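Reading through the C-alpha cells given below for one structure.
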C-alpha cells in the first residue's frame, strides 16, 4: 500500500512498517490499562487521562485495521480453503495462547501467587 505524501514523496506500507505500527498500538493499549490503574490509585496527570480515555481504543482500532489489511493482502497473494485458513490461524494464535495460559497457571499454582485484587 502506498500513500502519497507530496508530489515526490510516497510512504510505502510494507510488512516491517505495519508490524512496527502494530507494536506501537500494543504499547498504547498497555499504557491505557496502566493509566486506568493509576487513575484508580489517585494519580492525576494529563498523560494518564489521555491514555485512560482514548489510548486503548485508538490502539485497538489501529491494530485491527492493520491486521485486517495484512489478512486481505495475504488472501490476495495466496488463496486458502476455509479449513486450511482456520487450521493456519488456530496454529498461529490459539496454540500459543493455550501454551502461555497453561504456563501461567502452572506458575501460579507452584509459586503460590496470591491473586487477590484490591479495589
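Just so you know, all these numbers are worked out from the coordinates, no wet-lab data involved. Since this is a predicted model, take the numbers as computed values, not measurements. Ideal geometry is used to build each Cβ from the backbone, glycine not excepted, and the neighbour counts take in all protein chains shown.
Computed from label points 7 Å out along Cα-Cβ, the spacing between residue 98 and residue 26 is 2.1 nm.
Spin-label model, residue 19 to residue 109: label points 7 Å out along the Cα-to-beta-carbon direction sit 3.5 nm apart. The slack in the chain from residue 86 to residue 37, taken as 0.36 nm per residue of separation less the alpha-carbon distance, amounts to 14.0 nm.
Neighbour counting of Cβ atoms within 10 Å sorts the residues 33, 79, fewest neighbours leading, into 79, 33.
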